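Please read the structure below before turning to the comments.
Values in this text are rule-based calculations from the coordinates and carry no lab data. Values in this document were obtained by computation on a predicted structure and should not be read as measured data. Note: ideal-geometry Cβ built from the backbone for every residue, glycine included; neighbour counts use all protein chains shown.
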Amino acid sequence: MTSRKLWALLPLFLLAACGRLGGGGDATGATGGGTGSTGIEHPTGADDVVLRVEYTGGFVPVEYTLRTIPSWSLYGDGTLIMQGPQIEIYPGPALPALTATPISEEGIQAILEAARDAGLMDGDVSYGNDCIADAATTVFTANADGSTSVVSAYALEVGEPAGTCGGEEDADERSALAEFQMLLGDLSSWLPEGSVGQEQPIDPTGLRVYSQTYRGEPEPPQEEVAWPLGEPLGSFGDRVDDYGGPMRCGVVGGEDLSTLLPVARAANEITPWTSQGEEYQLIFRPLLPDEDGC
């Protein structure tokens, strides 16, 4: 689909909204079965991903990769989870912020219509790009209309229009993906009135913790923080060897999470954590509702 066709759909969404707002739609999230007789079928569970956008690869440090969460995750109950505002300082906070925004079923349907028209429900496909090296790949996952499709596009932000660098056979498809991604960043401007609720900060229900022996001295110097849980970091979790050196990974939840969260929020990315006389560097990755384990 061309970019002009995708933008042309927006008035149709708004027109449809005018005819449905009197039917009890609100911004508190999806209710009931949620799809209606003419809507696009989708799962309705609070831990069922309906649509997700995330970035993979690129020339970035391993620490960045391990702490990165999907940028946009819409769940079946209408909860949209994104990474919250991040402070532009060094060293950055140890724990990334999360926000949740309720989307009504009417809003979900408009999003899914736009996703379908952007080519996200036609099966798996991967779009390359030879214009730039070491860029990230944007991955869209759509779980709706009876199937799951994964569409990936390398260096989607490159080119004019966005997503193209001239002459590709798939230029229209890449451009449509780039424009759809832009729409997801400004839902209130085009979704039916009242379908987007209030964004709120949220706590994760689980925390993935990567640990490795601290190397060298932090610069600038940092205050040490004592690991607050009973299991020592030297034996916490399981060993993983996929990230360029010895590392362990474990998941914290329940009462332990309540103990760890305030301590982690007061730390930063290069804080030395102490446990049984040793110093460790920790990487925290909040778990989303559909995620578990390392």
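The Rg/Rh ratio of the chain, with both radii computed over alpha carbons and Rh defined as the Kirkwood radius, is 1.02.
If you take all other residues with their beta carbon under 11 Å from the beta carbon of Asp145, and give Lys and Arg +1 and Asp and Glu -1, the sum is -2.
Highest average first, the peptides 81-87, 65-71, 101-107 ordered by how many other beta carbon atoms sit within 10 Å of their residues are 101-107, 65-71, 81-87.
Of the residues Glu219, Glu269, the one with the fewest other Cβ atoms within 10 Å heads the list, and the complete ranking is Glu219, Glu269.
For the stretch 189-285, trypsin sites (Lys or Arg not before Pro) are listed when DSSP marks them as loop and at most 11 other Cβ atoms sit within 10 Å of their Cβ; the list is Arg215. Computed from the C-beta positions of Arg265 and Asp122 and an R0 of 41 Å, the FRET efficiency is 0.45 to the nearest 0.05.
Derived from the Cα gyration tensor, the three semi-axes of the equivalent ellipsoid of the stretch 203-286 are 19, 16, 12 Å, largest first.
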